[in-house]
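For reference, the structure discussed in these notes is given below.
What follows is calculated from the coordinates using simple rules that are stated; it is not laboratory data. For clarity, every value in this text was computed on a predicted model and none was experimentally measured. Ideal geometry is used to build each Cβ from the backbone, glycine not excepted, and the neighbour counts take in all protein chains shown.
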Amino acid sequence: SMQYEHILVETRGRVGLVTLNRPAALNALNDRQMEELGHALLAFDGSDDVGCIVLTGSEKAFAAGADITEMAGLNYADVYKSDFITRNWEQIRRVRKPVIAAVAGYALGGGCELAMMCDFIIAADTARFGQPEIKLGIIPGAGGTQRLPRAISKSKAMDMCLTARMMDAEEAERAGLVSRIVPADRLLDEAFAAAEVIAAMSLPTVMMIKESVNRAYETTLGEGLLFERRLFHGTFATEDQKEGMQAFLEKRLPSFKGV
Ligand code: CAA
């Protein structure tokens with residue numbers, strides 16, 4: 001196991017929680033922190049005791065971007081050779097269980113991109129999203145130019161990336177970037193409640209839904225529908241499908257075993 005410096009990790013019931021914890025730097029994401037994050041998420045992913053994961057930051061900032069002090073001195077050869085930013089940021093793409101981003105305060109640059117790497121975003125009413133990289137003379141480097149247009153339309157994505165303006169929680173929900181807005185003091189409770197609902201479902205079914213929805217970003221409608229159909233058929237091979245349907249017919253709650 002790994003000793004964590006910049007994140008906090010705990011489980012509550014079947015929900016794993018990772019808290020970004022460099023509050024003095026508004027969770028500016030450094031290399032070490034992203035390595036820790038990937039490690040913690042993959043550990044939860046591999047644990048039979050966890051059915052859903054919540055990723056959060058502090059009250060003031062989910063994350064104010066990649067760490068500018070760490071980037072300022074880098075040159076082209078440095079970033080090219082180390083495949084800077086995506087190298088240890090893309091670990092999160094390997095996580096097969098759902099990850100909910102619980103965002104309060106700033107989610108800027110890499111912070112907004114990290115939130116978008118999660119499966120959905122629950123925003124506190126204090127949340128502010130933005131891609132201000134252009135002000136630093138760089139472009140978004142962890143998916144901002146790719147995930148934003150898919151999430152909020154080309155027009156809004158261009159506006160955000162080109163002007164560096166921030167979007168508040170209301171606008172983010174209207175645009176489809178976040179799934180819901182909750183009062184800031186309820187953020188973690190609401191994120192946990194959502195995660196508990198998911199964690200009580202059939203785990204293989206949950207994972208298939210994540211895999212199938214993500215497929216929509218990678219393929220044509222015809223191929224995506226075929227992919228979905230095959231996974232759908234696969235659910236009929238689980239005991240959880242028998243249990244879920246039997247419970248409905250018997251007018252009781254299902255008890256899923258994840259098999
Ligand atoms: N990197 C390094 N340090 C950061 C940081 C960042 N991205 N964001 C904030 N900090 C640090 C500040 O330097 C400051 O440190 P000191 O107290 O040691 O001076 C501390 O966090 C608190 O920040 P501020 O004093 O600036 O707080 P504020 O409330 O006045 O402003 C803010 C908040 C508007 C978020 C402002 O901090 C800010 O604009 N931050 C930078 C945002 C940004 O440009 N993010 C994109 C980074 S590039 C990127 O992410 C690349 C990519 O695509 C992956």
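Under a crude label model (7 Å from the Cα following the beta-carbon direction), how far is ARG87 from MET158 in nanometres?
Output for this residue pair reads 3.5 nm.
With a Förster radius of 45 Å, plug the Cβ-Cβ distance of ILE134 and GLU250 into 1/(1 + (r/R0)^6) and report the FRET value to the nearest 0.05.
The calculated FRET efficiency here is 0.20.
How many percent of DSSP beta bridges within the chain run antiparallel, rounded to 5?
The antiparallel proportion sits near 30 percent.
Say the dipole of the chain comes from +1 at the beta carbon of Lys and Arg and -1 at that of Asp and Glu; which of SER82, ALA164, GLN241 then lies farthest toward its positive end?
The residue sitting farthest along the positive end of the dipole is GLN241.
Under 16 Å Cα to Cα from LYS242, which aspartates and glutamates show up? Leave out anything in the same chain fewer than 8 places away.
GLU250
Based solely on C-alpha atoms, express the radius of gyration and the Dmax of segment 87-174 in angstrom.
12.3, 36
For the chain, with only Lys/Arg (+1) and Asp/Glu (-1) charged at the beta-carbon, what is the dipole magnitude about the Cα centre, in debye rounded to 20?
560
How high is the relative contact order of the chain? Use alpha-carbon pairs under 8 Å, at least six apart in sequence, and give a whole percent.
16
Would you pull out the residues with amide H under 5 Å of PHE120's amide H, same chain only if 5 or more places away, H placed 1.01 Å from N?
Residues meeting the criterion, in which the H sits 1.01 Å from N, are VAL99, ALA101.
Would you mind checking the radius of gyration and Dmax of the chain based on alpha-carbon positions, in Å?
Final numbers for Rg and Dmax: 19.0, 65 Å.
Can you give the longest run of the chain that contains no chymotrypsin sites (Phe, Trp or Tyr not before Pro) sitting in a DSSP loop with at most 15 other Cβ atoms inside 10 Å?
With a cap of 15 other Cβ atoms within 10 Å, the longest stretch comes to 1-216.
May I ask you to give the average projected area over all directions of the convex hull of the Cα atoms of segment 141-211, in nm² rounded to one decimal?
6.2
May I ask for log10 I(q)/I(0) of segment 1-50 at q = 0.19, 0.27, 0.29 Å⁻¹, from a Debye sum over the Cα atoms as equal point scatterers with solvent left out?
Log-scaled intensity ratios, in q order: -0.60, -1.03, -1.12.
So how far, in whole Å, is the C-alpha centre of segment 34-83 from the one of segment 114-146?
Centre-to-centre distance over Cα atoms comes out at 13 Å.
Length gain on complete extension for the stretch ALA193 to LYS242, per 0.36 nm per residue less the alpha carbon to alpha carbon distance?
15.1 nm
Normalized C-alpha radius of gyration of segment 132-259, against 2.2 N^0.38 Å?
Taking N as the residue count of segment 132-259, the ratio is 1.40.
Determine the shape class of segment 213-257: with a ≥ b ≥ c the square roots of the Cα gyration tensor eigenvalues, call it rounded for a/c under 1.5, and otherwise prolate if a/b is greater than b/c, oblate otherwise.
Cα axes put segment 213-257 in the prolate bin.
Between Rg and the Kirkwood Rh of segment 1-149, both from Cα atoms, what is the Rg to Rh ratio?
For segment 1-149, the value is 0.95.
To check you understand DSSP bridge types, tell me what percent of the beta bridges within segment 1-105 (both residues inside) are antiparallel, rounded to 5.
So the antiparallel bridges in segment 1-105 amount to around 40 percent.
Under the rule of -39500 (n - 2.57) per DSSP H run of 4 or more residues, summed and divided by the residues of the chain, what mean residue ellipticity at 222 nm is obtained, to the nearest 500 deg cm²/dmol?
Helix contribution divided over all residues of the chain: -13000 deg cm²/dmol.
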